[in-house]
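Since the structure comes first, as structure tokens, the remarks are kept for the end.
The values are calculated or read from the model by the stated rules, or taken from the named source; none is laboratory data. Predicted model, so just to flag it, every value in this text is computed and none were measured. Cβ atoms come from the backbone with ideal geometry, glycine included; neighbour counts cover every protein chain shown. Quick note on the areas: whole protein, heavy atoms, side chains included, nothing else; ligands and nucleic acids left out. Shrake-Rupley method; radii C 1.70, N 1.55, O 1.52, S 1.80 Å.
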Amino acid sequence: MTLRVGVIGTGMIGQDHIRRLTQVLSAVEVVAVSDIDGARAAAVAPEGAEIFATAGDLIRSETVEAVVICSWGPAHEEQLLDCIAAGKPVFCEKPLVTTAAAALRVMEAEVAFGRRLVQVGFMRRFDADYRRLKATLDAGILGAPLMFHSTHRNAAVPEGLYTSEMPLNDTLVHDADISRWLLKDEVTGVEVRVPRRSRRGNDLRDPVMVLLHMGSGALVDVEISVNITYGYDIRGEVSCEEGTASLPLRPATVIRDIHGVRHMVPADWRERFIEAYDQEFREWTAAAGQGTATGPSTWDGYAATLVADAALRAVETGALEPVRMCERPSLYAGGRTVTNVSGAPRQSKRQRPEGFK
Ligand code: NAD
Ligand code: ISE
């Protein structure tokens, strides 16, 4: 059976995912595309795909069985709600949405529908290096994780489109999600420090140093640099009671010449995570073909959004800003009880959105 997919947003990652869906995966067909820039959608649409003027029309089309959202973050909420209303499985690029209130609305709609439909594009969870790191931690051979050092460096970001808020509400969401997943823990508080700015960042607040306080008491430090120039450098090391476990360094190519030996770093996220995105979509199409979703959920997208919100507050206040999650709906069962910033059980402070089980 072939899964008939519609893609919304045909920019950088939309085009990469169209290539993946049409050239890498089997049993999938891109039957529809849509972008507010109609000319761009027409230019990149695979042969035979229908071009829709609006995302809503694409989502409601009978030809489309499942949807891939690659538009900008602020557009995601409406598109996700339309997918849920149509009962269609949807892969949504990160961030799930850009405010906690929007995340709650999407969660309420999915919970009311009664079955998972949404997978969020946290591709690190599908990366073989991160999966091996997690397997090592889960095996318990190093004792409890105490600290996680997460380095997130981009060579450059699109000038004009990437704003000073985005290191915290667009880039940090990956580190927040992978920390929760690796450590099987929740973020309960966020601090942000801004060092001397890089001259390469123009007016951007770049770099930033973030400290995530986890419910267990573990700490995660995150370096976000978005104009590091030399490549896309993603590193991670977990310090445990009886040892450490790290991601391997990922040189793209090793050059030996008259200047010596150079370990070239992947150019960008497309190159560094190419296999992870492929695996992410293999797992998405398998679940979507069954009318549902697995992998990073709306709950995970909500958690990352709360961290981003807290980070944006923390950069203004200079304080440790708390992260207060609502009670986890049973649709997203699994995971551990969370505690607050001071380590005390946090259930009493949770808000329970109306309509949640
Ligand atoms: P982009 O600007 O290159 O492309 C976005 C496209 O969406 C544009 O063509 C734009 O016209 C279109 N668009 C915007 N609003 C729309 C709407 N309401 N309806 C239809 N089309 C709309 O951006 P990008 O880098 O491709 O990023 C797109 C999304 O993917 C963002 O949410 C971004 O955070 C995410 N992203 C994820 C990763 C990852 O590693 N997982 C990497 C890059 C981007
Ligand atoms: C981009 O949207 C991504 O998701 C990349 O993975 C991240 O490294 C980059 O900073 C974001 O802008």
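Starting from residues that are open to solvent by 10 Å² or more (accessible area, probe 1.4 Å) and touching a helix residue (DSSP H, G or I) at 6+ places or on another chain (Cβ under 7 Å), keep the ones in segment 300-319 and report whichever is nearest to residue 111 (Cα to Cα).
Filtering segment 300-319 for residues that are open to solvent by 10 Å² or more (accessible area, probe 1.4 Å) and touching a helix residue (DSSP H, G or I) at 6+ places or on another chain (Cβ under 7 Å), the one nearest to residue 111 (Cα to Cα) comes out as 300.
If a residue has to be in contact with a Pro (Cβ under 7 Å, 6 or more places away or on another chain) and surrounded by fewer than 23 Cβ atoms within 10 Å (Cβ to Cβ) to count, how many in segment 141-176 make the cut?
The total comes to 2.
Can you tell me how many residues in segment 270-284 are over 16 Å from residue 119 (Cβ atoms) and either away from ligand 2 (no atom under 14 Å from the Cβ) or surrounded by fewer than 18 Cβ atoms within 10 Å (Cβ to Cβ) (or both)?
So the count comes out to 4.
Determine which single condition residue 64 fails, assuming it passes every other condition in (1) under 24 Å from the mean Cα position of the chain (by Cα); (2) more than 10 Å from ligand 1 (Cβ to nearest atom).
(1)
Select from segment 139-195 the residues that are out of contact with any His (no Cβ under 8 Å at 6 or more places or on another chain), part of a helix (DSSP H, G or I) and either without any contact (Cβ under 8 Å) to a residue 40 or more places away in the chain or closer than 27 Å to residue 11 by Cβ (or both) and list them in ascending order.
139, 166, 167, 168, 169, 170, 173, 176, 177, 178, 181 - these are the residues of segment 139-195 that are out of contact with any His (no Cβ under 8 Å at 6 or more places or on another chain), part of a helix (DSSP H, G or I) and either without any contact (Cβ under 8 Å) to a residue 40 or more places away in the chain or closer than 27 Å to residue 11 by Cβ (or both).
Out of 253, 244, report the one residue that is farther than 18 Å from residue 150 by Cα and out of contact with any Pro (no Cβ under 9 Å at 6 or more places or on another chain).
253
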